[in-house]
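Peer 1: First, the structure itself, so that you have it in front of you.
The values are calculated or read from the model by the stated rules, or taken from the named source; none is laboratory data. Just so you know, these numbers come straight off a predicted model, no measurement behind them. Note that each Cβ is placed from the backbone with ideal geometry, even for glycine, and that neighbours are counted across all protein chains shown.
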Amino acid sequence: SNPFEVKVNRQKFNILGRKTKNDVGLPGVSRSKAIRKRTQTLLKEYKERGKTNVFKDKRFGEYDTKISPEEKMIRRFALERQKNYGKKNIYNLNEDEELTHYGQSLAEIEKLNDIVDSDSDTEEKGTLSAELTASHFGGGGGLLRKKASSGQQDEEEKPKSRKELIEEMIAKSKQEKQERQNRRESALELTEKLDNDWKEIHTLIARKPPKSERKDKEVEKPKPDEYDMIVRELGFEMKAKPSERMKTEEELAKEEQARLQKLEADRLRRMRGIDEEANKKKPSHVSADDLADGFILDKDDRCLLSYKDGKINLENEDKEEKDNEEEEEEEGGKEDDESEEESEQESANENEEDGAADSHSDLESDLESEEEAAGNKEQKKHKINENESQNVEELDPKMKAATSELPYMFAVPESFEIFKSLLAGRTVEQQLTILERIQKCNHPSLAVGNKAKLEKLVGFLLDYIGELATLDLPELRTIDKLVLPLYNLCQMFPEAASDSIKFILREAAHDMEEVIEVKGRATFPGLDTLIYLKITSLLFPTSDFWHPVVTPAFIYMSQLLTKCRITTLQDVIKGLFICCLFLEYVSFSRRFVPELINFLLGVLHISLPKKQAQGYTVVHPFTPVGKNLELLLVCDKQDLESWQKQHLPLSTVTALKETSRTEMNHIRLSCIALCFDLIKKCAALYESLPSFHEIMHPIRILLMQHVPVNEYPEKLQEWYQSALKELETKEKHYTPLVCEKKKPVPLKQYTPKIVKVLEFGRKQAGSKKEQERKQLIQRHKRELKGAIREIRKDNQFLARTQLSEIMERDSARKRKVKELLGSLATQEGEWKAMKRKKGKT
Amino acid sequence: QLPTGLYKKVLVILHDSILPYMNEPTLMMDFLTVAYGIGGAISLLALNGLFILIHQHNLEYPDFYKKLYSLLDPSIYHVKYRARFFHLADLFLSSSHLPAYLVAAFIKRLSRLALTAPPDSLLMVIPFICNLFRRHPACKVLVHRPNGPEDMSEDPYIMEEEEPSESRALESSLWEIQSLQNHYHPDVAKAAAILNQSLSEIEDDISGLLELSAYELFDKEVTKKAVDVPLEFEQVRGLFGKKNDIFAEHFTLD
């Protein structure tokens, strides 16, 4: 282009490898482009600024490119007819509609035809002209063909548009395809028919021909060389793969140990809560992963050899095989053939015998061989359980029969009611079997929806446990057994389990909060909540620094110990139960629980006779004075004498049977003994805390100065002494605190920071996210600048147009004024001339 | 002279519904001083009215801080008026002209009592103590004593001493807070661990923490979203089937 119109941005330094975009510009071209654009948009807008009317094209389908013109016309016509439908033309006498052909009234066509006829007849007489046939029989596509043009060229000869051509081609190819397919189908049919015919004939001459045929074939194929065959065989033969070395028992044990160590290390790490973030980034940690898929399907079929005393341990294998059989049978499901049942029983019996014979070695190998499939393990454990229970209870044959009567397939119950009815009336063993079968039949790997179903099962099971615990006679033994399947389910679905337990806890806490708001004080919850708290400690690691389930449980328990009133002996037992829970929760992590100490102090306080001088203060919910004092006080000498340390039955929590005073007193003494024991355990636990003595100070004073030791029975005195000893023997040890040293702030350095440059022209510093952010900011800045520039230019453009408008207006006015003045001047001149003439004359 | 319930009610509304409308608020002086002397919850409540008298009406109250000091007993972390009391205590101890021994005694006593406090109070009182340290840097010997004796057999602080100046708080260290670093509640443990490091200059705002309730704490924890749930890897053997289960020793499943 014109070198005078080119603007060149001179570069100061020439940098290798840098792409330059803006070194040459064409200001004139771009300006004219911009102006053109503005006149098309901005100027238009500006000119129409005072107008509010809009032109709207309401013709049907005018701008719709999808509709072909013919169809468009048809639709328009239909619309028009619709519009006029019902409106009767008063001048139209015959109601019938006018008959048309392609929108032309037939009458008109007839008229035209006549003309055509008369025209064309001049050339060919007696034959129908093409136009005539076309218009009569609708042969053409042209809608409103003009008569004049049709005279020269026919519809067929009209040059086709590209689109039409393509369409035609497509149609053709389609047709060809169709034909080809038809041909093939017919060929197939024919061959089939031929085959059938041949078969029919073949049966007739079945005896003789095969031999000859075979011979023919043999002749055709030369006998393969033996050498070749061997080579082939060798080629195809499976290469011997190096199998895994057989592991000795020691190694197995070592591996198991390593696994446990790893889990333990994990637990410790979580307990300290140091690298929570780092932990979060890791893929979800499943602690006992081997049990997570407690199922046969995932089982490893290989049996592992292990050595024992130099001999190969073959029992494993045997056992596994049997297991397999059994599993298969169980899986095989519904066949209720008696014979099979028998065989199953037999095999089971055999197994039992096996187990009895060398149960020890089996157990050991079970525990140690970690590689053994998880499902197997679980099964075995279950079996061992069964064995044990059978050994203990001796209801072997009946139980077996009953169990085998249970159906093998269970669907996961949809609601809690169904679940309950499923388990209702069954024995504990049966319930366990049912649960196990539900779990197996609906393993997540079998179908898509199973996971959600089984997750629901966790909630049902928890509800069921809660229900069992709230019964008048709580079936704690059943719960004890049901914990096992719950644990397995929890290993499979940690999220679901944690959610349902959290839900339960939230409900409980919410209830308590409501009661506090209404009554001002709370009461201890039922046994079910206590059981849930206990189960929490079984399912989840309580030593973590923070745990989604355990931490809320902690807070809830602390609320229980601080907010709930102690009015009855049951409350004391519940409170002590929670104390035990607390102690168990922190037994590993050794965390400090102030509420626990407070509560124990309070419990001991209410076991004392009323006194004035104290030296310690009890805190809420216990009061130094009040009606609940002496709740645990036992004065009866005989009861004191006859007391034996007994385990507190948990059922007393729900319903304290109206027992004799003696028994009540015995329970009281047991509580006190439990309290002593807990104090002892606390002392052992908190020994390492720097202010151990301050923490235990009130309890120590109470124990030493107030407890009437001499009145207690000997056993209780022993408890007391051991607790006191635990408290006393700790030595006092204080070291002054020193803050952690601050990290020294590094001095400013003047050596340049060296950054590796991987790609030129791009900023390297910062992470990817940071870079992205910077890029965005930069882009935003650039856009903003561009927009501002555009707006400025728009304004300039507008100002220019306005100015030119004003100039135009002004010049027009000036011109008009000039014209007027001119005309006035001539008028004046004429008038003066007239005057002069008059004067002359 | 009034029944306890009425006494408390009067004291609760005294500072904002009665005192501002009196011509001579100083007339309440005797009533409030007596109430303050009674002890317990009534003293706590009287504190507010008394503060207004001292602050706006030039009341001279001898041994005010000593009295305040003696108000600190284990129940302050458990009573209903905890928020009110700590709000006022924060006001009283905000003066930077207080002697270091006094503030140290307060710090030491508060932290000693914190050994029996529930987590909601702990979450409030630990920042409170941190604030005291910030206002009175002289007290920092309580957490940082680099050249002190290696080993002491006894905490020099005397809990039973009524007089703050005699309590030898400045010779002691905050072992209580160090113990609380092992608290079971993760937030408390974290808050207590702050004192291990040198404190930042800016004071914590504790006004939001004053009204903290245990239920709120629970709610906060229970609604936290966890990415994954760690599980117990020890196979269960029954409800009381753990190793060395405490329950098995004392409870039966009957």
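Peer 1: Just one of (1) more than 9 Å from chain B (Cβ to nearest Cβ); (2) outside any helix (DSSP H, G or I); (3) within 32 Å of the chain's Cα centre (by Cα) trips up A:PRO548, so point out which.
Peer 2: A:PRO548 satisfies every listed condition except (1).
Peer 1: Taking the stated definitions as given, is B:LEU212 farther than 20 Å from A:PRO548 by Cα, in contact with a helix residue (DSSP H, G or I) (Cβ under 6 Å, 6 or more places away or on another chain) and modelled with pLDDT under 80?
Peer 2: For B:LEU212, the condition - farther than 20 Å from A:PRO548 by Cα, in contact with a helix residue (DSSP H, G or I) (Cβ under 6 Å, 6 or more places away or on another chain) and modelled with pLDDT under 80 - is not met.
Peer 1: Take A:LEU42 and tell me if it is modelled with pLDDT under 90 and either touching a strand residue (DSSP E or B) at 6+ places or on another chain (Cβ under 7 Å) or not β-branched (Val, Ile, Thr) (or both).
Peer 2: It is false that A:LEU42 is modelled with pLDDT under 90 and either touching a strand residue (DSSP E or B) at 6+ places or on another chain (Cβ under 7 Å) or not β-branched (Val, Ile, Thr) (or both).
Peer 1: Next up: Quick one: how many residues across the range A:710-734 are touching a residue at least 24 places away in the same chain (Cβ under 8 Å), of a type in the set (Asp, Glu) and under 17 Å from A:CYS671 (Cβ atoms)?
Peer 2: The total comes to 1.
Peer 1: Restrict the check to the range B:142-152 and report whether at least one residue is among the aliphatic types (A, V, I, L, M) and in contact with a Pro (Cβ under 8 Å, 6 or more places away or on another chain).
Peer 2: Yes, the range B:142-152 has at least one match.
Peer 1: With the requirement that a residue be of a type in the set (Lys, Arg) and in contact with a Leu (Cβ under 8 Å, 6 or more places away or on another chain), what does the range B:1-51 give you?
Peer 2: Of everything in the range B:1-51, just one residue is of a type in the set (Lys, Arg) and in contact with a Leu (Cβ under 8 Å, 6 or more places away or on another chain), namely B:LYS8.
Peer 1: Still on this model: Kindly evaluate B:ASP219 against the criterion of being under 20 Å from A:PHE592 (Cα atoms) and buried (at least 17 other Cβ atoms within 10 Å of the Cβ).
Peer 2: Against the criterion (under 20 Å from A:PHE592 (Cα atoms) and buried (at least 17 other Cβ atoms within 10 Å of the Cβ)), B:ASP219 does not qualify.
Peer 1: Quick check on this structure: which one of B:PHE133, B:PHE128 is of a type outside the set (Ser, Thr, Tyr), closer than 22 Å to B:SER198 by Cα and touching a Lys or Arg at 6+ places or on another chain (Cβ under 8 Å)?
Peer 2: B:PHE133
Peer 1: Here is a further query. Scan the range A:425-433 and give yes if some residue there is touching a Leu at 6+ places or on another chain (Cβ under 8 Å), part of a helix (DSSP H, G or I) and at the interface with chain B (Cβ under 10 Å from one of its Cβ atoms), otherwise no.
Peer 2: Scanning the range A:425-433 turns up no residue that is touching a Leu at 6+ places or on another chain (Cβ under 8 Å), part of a helix (DSSP H, G or I) and at the interface with chain B (Cβ under 10 Å from one of its Cβ atoms).
Peer 1: Restricting attention to the range A:520-552, and to residues there that are at pLDDT 85 or above and of a type in the set (D, E, K, R), which single residue is farthest from A:THR568 (Cα to Cα)?
Peer 2: Once the filter is applied, the top-ranked residue is A:ASP544.
Matching residues to (1) within 13 Å of another protein chain (Cβ to nearest Cβ); (2) closer than 26 Å to A:ILE597 by Cα; (3) in contact with a Cys (Cβ under 9 Å, 6 or more places away or on another chain):
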| site | (1), (2), (3) |
| --- | --- |
| B:PRO62 | no, no, no |
| B:PRO74 | yes, yes, no |
| B:ASP90 | no, no, no |
| B:PRO99 | no, no, no |
| B:LEU102 | no, no, no |
| B:VAL125 | yes, yes, no |
| B:PHE128 | no, yes, no |
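Peer 1: Right, next: When A:ASP472 is evaluated against the numbered criteria (1) of a type outside the set (Val, Ile, Thr); (2) assigned to a helix (DSSP H, G or I); (3) more than 13 Å from chain B (Cβ to nearest Cβ), which criterion, by number, is the only one it fails?
Peer 2: So A:ASP472 meets the others, but not (2).
Peer 1: Here is a check on your reading of the model: is A:PHE582 at the interface with another protein chain (Cβ under 7 Å from one of its Cβ atoms), of a type in the set (Phe, Trp, Tyr) and more than 13 Å from A:LEU674 (Cβ to Cβ)?
Peer 2: no
Let's see how each residue does on (1) buried (at least 24 other Cβ atoms within 10 Å of the Cβ); (2) assigned to a helix (DSSP H, G or I):
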residue	(1), (2)
A:ALA553	yes, yes
A:THR567	no, no
A:GLN570	no, yes
A:ASN598	yes, yes
A:THR623	no, no
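Peer 1: For residues in the range A:36-73 being in contact (Cβ under 8 Å) with a residue 40 or more places away in the chain and touching an Asp or Glu at 6+ places or on another chain (Cβ under 8 Å), which is surrounded by the fewest Cβ atoms within 10 Å (Cβ to Cβ)?
Peer 2: A:LEU42
Peer 1: If I ask for residues that are over 25 Å from A:CYS635 (Cα atoms) and charged (D, E, K, R), which ones from the range A:649-679 would you list?
Peer 2: Once the filter is applied, which keeps residues that are over 25 Å from A:CYS635 (Cα atoms) and charged (D, E, K, R), the range A:649-679 yields nothing.
Peer 1: Separate question: Which of the numbered conditions does A:LYS768 fail, given that it passes all the others? Conditions: (1) surrounded by fewer than 10 Cβ atoms within 10 Å (Cβ to Cβ); (2) over 34 Å from the mean Cα position of the chain (by Cα).
Peer 2: Condition not satisfied by A:LYS768: (2).
Peer 1: Under the condition of being touching a Leu at 6+ places or on another chain (Cβ under 6 Å) and in contact (Cβ under 8 Å) with a residue 60 or more places away in the chain, which residue from the range A:475-502 is nearest to B:ASP228 (Cα to Cα)?
Peer 2: A:PRO494
Peer 1: Can A:SER30 be described as of a type in the set (Gly, Ala, Ser) and either closer than 25 Å to A:ARG792 by Cα or at pLDDT 85 or above (or both)?
Peer 2: So A:SER30 passes the test.
Peer 1: On the basis of being in a helix (DSSP H, G or I), within 9 Å of another protein chain (Cβ to nearest Cβ) and either crowded, with 21+ Cβ neighbours inside 10 Å or at negative phi (or both), does A:GLU507 make the cut?
Peer 2: No, not satisfied.
Peer 1: B:GLU60 passes all but one of (1) of a type outside the set (Lys, Arg); (2) crowded, with 18+ Cβ neighbours inside 10 Å; (3) more than 17 Å from B:GLU162 (Cβ to Cβ); which number fails?
Peer 2: Unmet condition: (2).
Peer 1: Which of (1) facing chain B (nearest Cβ under 9 Å); (2) buried (at least 23 other Cβ atoms within 10 Å of the Cβ) is the odd one out, the single condition A:ILE501 does not satisfy?
Peer 2: (1)
Peer 1: Is at least one residue of the range A:442-463 surrounded by fewer than 20 Cβ atoms within 10 Å (Cβ to Cβ), in contact (Cβ under 8 Å) with a residue 12 or more places away in the chain, within 25 Å of B:PHE240 (Cα to Cα) and touching a Pro at 6+ places or on another chain (Cβ under 9 Å)?
Peer 2: The answer is no, given that none of the residues of the range A:442-463 is surrounded by fewer than 20 Cβ atoms within 10 Å (Cβ to Cβ), in contact (Cβ under 8 Å) with a residue 12 or more places away in the chain, within 25 Å of B:PHE240 (Cα to Cα) and touching a Pro at 6+ places or on another chain (Cβ under 9 Å).
Peer 1: Filter the helices (runs of 4 or more DSSP H) completely within the range B:1-100 down to those with at least 1 residues that are over 19 Å from the mean Cα position of the chain (by Cα).
Peer 2: Helices (runs of 4 or more DSSP H) meeting the threshold: B:4-13, B:29-38, B:41-57.
Peer 1: What are the residues in the range A:489-498 that are buried (at least 21 other Cβ atoms within 10 Å of the Cβ) and within 9 Å of another protein chain (Cβ to nearest Cβ), if any?
Peer 2: Of everything in the range A:489-498, those that are buried (at least 21 other Cβ atoms within 10 Å of the Cβ) and within 9 Å of another protein chain (Cβ to nearest Cβ) turn out to be A:CYS490, A:GLN491, A:PRO494, A:ALA497, A:SER498.
Peer 1: Would you confirm whether or not the range A:515-525 contains a residue that is more than 11 Å from every other protein chain (Cβ to nearest Cβ), crowded, with 18+ Cβ neighbours inside 10 Å, outside any strand (DSSP E or B) and within 35 Å of the chain's Cα centre (by Cα)?
Peer 2: yes
Peer 1: Report yes if A:LYS519 is in contact (Cβ under 8 Å) with a residue 12 or more places away in the chain and of a type in the set (Lys, Arg), otherwise no.
Peer 2: no
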